[in-house]
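Worksheet: one structure, shown below.
The values are calculated or read from the model by the stated rules, or taken from the named source; none is laboratory data. Everything numeric here is computed off the predicted structure, so don't read it as measured data. Backbone-built Cβ (ideal geometry, glycine too); neighbour counts: all protein chains shown. Heavy atoms of the whole protein, side chains included, go into the accessibility calculation; ligands, DNA and RNA do not. Shrake-Rupley method; radii C 1.70, N 1.55, O 1.52, S 1.80 Å.
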Amino acid sequence: MSPAAYAQAGGTGPSSPTRPGDGPDRDHLTVTVRNAGGGADGTFELYCAPDGGNHPDPRGACAALERGTLWGQDVFAPAPEGGFCTMQYGGPATAHVTGTWAGRPVDATYDRRDGCQISRWDRLVPLLPSVGGEAGARA
């Protein structure tokens, strides 16, 4: 849809605080990261299709989400209850992701308290920052 047609349909105009393409179908997430270290902490806005926002790697973050979005599966689902998880500690990093992805509301929390949670976090890198052994090796 052209910007003019979008504005006529109730979208944004030149004086609007949002940009054309920020319609109700556009994916938007807010990612808040704490205790990750290495300058990765903060609150970041991510838009996908088209990719943008103040997230450090919008293209990579949107690609990671696309890879994890499969029919019948929730890319933000918690680790299964009662699963067997390695007893390893991945550090104090936490993240909270809210917004809309694939037309559905998102409110997910992440930490690195055991192997299952570390795996869940790592599947969403670079939406979430790379921390642990790989990040430590780069520091």
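For the pair D74 and E45, how long in nm is the line joining their label points, each one 7 Å along Cα→Cβ?
Those two pseudo-labels are separated by 2.6 nm.
Suppose each label sits 7 Å from its Cα in the direction of the beta carbon; what would the S119-F84 distance come out to in nanometres?
A separation of 1.1 nm, rounded to one decimal place.
Of all accessible surface on the stretch 57-117 at a 1.4 Å probe, what whole percent is carbon and sulfur? Before the final figure, lay out each step's value.
Values: 2250 of 4010 Å².
The value for the stretch 57-117 is 56 percent carbon and sulfur by accessible area.
Counting other Cβ atoms within 10 Å, which chymotrypsin sites (Phe, Trp or Tyr not before Pro) in the stretch 67-139 have at most 14 and lie in a DSSP loop? It would help to have the intermediate numbers written out before the result.
Values: sites: W71, F76, F84, Y89, W101, Y110, W121; in loops: W71, F76, F84, Y89.
The qualifying sites are W71, F84, Y89.
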